[in-house]
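Q: Pasting a structure below so you can have a look.
The values are calculated or read from the model by the stated rules, or taken from the named source; none is laboratory data. Everything numeric here is computed off the predicted structure, so don't read it as measured data. Cβ sites come from the backbone with ideal geometry, for glycine too, and all protein chains shown count toward neighbours. Quick note on the areas: whole protein, heavy atoms, side chains included, nothing else; ligands and nucleic acids left out. Shrake-Rupley method; radii C 1.70, N 1.55, O 1.52, S 1.80 Å.
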Amino acid sequence: MTQQRQLILEQLQKRSDHPGADEVYDKVREFLPKISLGTVYRNLELLSEAGYIQKLFFKGQKRFDPRTDQHHHFCCTNCGKVEDIPFPIDTPDIDSGSDWLKQREIQEVHLHYLGLCPDCKQSQ
Ligand SMILES: [Zn+2]
Ligand SMILES: [Zn+2]
């Protein structure tokens with residue numbers, strides 16, 4: 001792993017807010033002022049392909065998560081904040097007798113709960 005990639009990973013591991021590439025870039029730039037957004041983006045992609053981090057999609061936007069274990073997320077539909085749900089949730093069973101499912105192999109299940117975070121709920 002390159003020093004650059006190590007730094008990007010460390011910066012992401014410090015946060016639990018599931019930042020997008022541009023937010024990681026803003027932080028990494030404090031240490032490596034010459035780094036480009038493209039480089040940060042490429043490194044985040046490589047880290048997620050290698051299994052060091054997880055890539056998520058919310059509202060068509062890519063977000064990065066230093067946690068790679070299976071867990072579920074809450075996304076605020078008002079401010080876009082993404083949080084980990086702090087307790088385990090049973091994932092719903094889907095009918096395993098269906099042909100659609102027999103043709104496929106499910107490897108992961110991600111549940112996204114959408115709604116209002118405490119701040120947005122209060123200001124409504
Ligand atoms: Zn919110
Ligand atoms: Zn997460």
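Q: How about region 35-91: which GluC sites (Glu not before Pro) there lie in a loop by DSSP and see at most 13 other Cβ atoms within 10 Å?
A: Numbers: sites: 45, 49, 83; in loops: none.
When the GluC sites (Glu not before Pro) of region 35-91 are filtered for loop state and at most 13 Cβ neighbours within 10 Å, nothing remains.
Q: Counting only heavy atoms of protein chains, what accessible area per residue, in Å², does the chain have with a probe of 1.4 Å?
A: 67
Q: Provide the packing ranking of 5-12, 95-102, 106-113, i.e. peptides ordered by the mean count of other C-beta atoms within 10 Å per residue, highest first. Provide the component values of the computation, followed by the final result.
A: Details: 5-12: 18.9, 95-102: 8.5, 106-113: 10.4.
Ranking, from highest mean packing down: 5-12, 106-113, 95-102.
Q: Can you pull the Rg over Rh of region 16-124, Cα-only, Kirkwood?
A: 1.05
Q: Count charges around residue 40 for me, please; just the other residues with Cβ under 11 Å from its Cβ, Lys/Arg as +1, Asp/Glu as -1.
A: 0
Q: Using Cα positions and a limit of under 24 Å, work out the lysines in reach of residue 62, with same-chain residues fewer than 8 apart set aside.
A: The reachable lysines, counting only those whose Cα sits under 24 Å from residue 62, are 14, 27, 34, 81.
Q: Helix-only estimate, please: 222 nm mean residue ellipticity of the chain, summing -39500 (n - 2.57) across DSSP H runs of length 4 or more and dividing by its residues, to the nearest 500.
A: -9000 deg cm²/dmol
Q: Taking all protein chains in place and a 1.4 Å probe, what share, in percent, of the accessible surface of the chain do carbon and sulfur account for?
A: That share works out to 49 percent.
Q: Per the Debye formula with a single identical scatterer at each Cα and no solvent contribution, what log10 I(q)/I(0) holds for region 1-76 at q = 0.13, 0.18, 0.21, 0.26 Å⁻¹?
A: Scattering profile of region 1-76, log10 relative to I(0): -0.34, -0.66, -0.89, -1.34.
Q: Also, quick follow-up: Report the gain in length on full extension from residue 105 to residue 61: 0.36 nm times residue separation, minus Cα-Cα distance, nm rounded to one decimal.
A: Stretched fully, the residue 105-residue 61 segment lengthens by 13.3 nm.
Q: Something else about it: Calculate the dipole size of the chain relative to its Cα centre from +1 charges on Lys and Arg beta carbons and -1 charges on Asp and Glu beta carbons; express the result in debye to the nearest 20. Mind dumping the intermediate values first?
A: Numbers: 16 positive and 19 negative charges, 115 e Å.
Taking the Cα centre of the chain as origin, the dipole is about 560 debye.
Q: Give me the extension gain from residue 14 to residue 85: residue separation times 0.36 nm, minus the current Cα-Cα distance, reported in nm with one decimal.
A: Gain in length upon complete extension: 23.8 nm.
Q: Put a dot 7 Å past each Cα toward the Cβ at residue 37 and residue 1; how far apart are the dots in nm?
A: Placing both labels 7 Å beyond Cα along the Cβ direction yields 2.5 nm.
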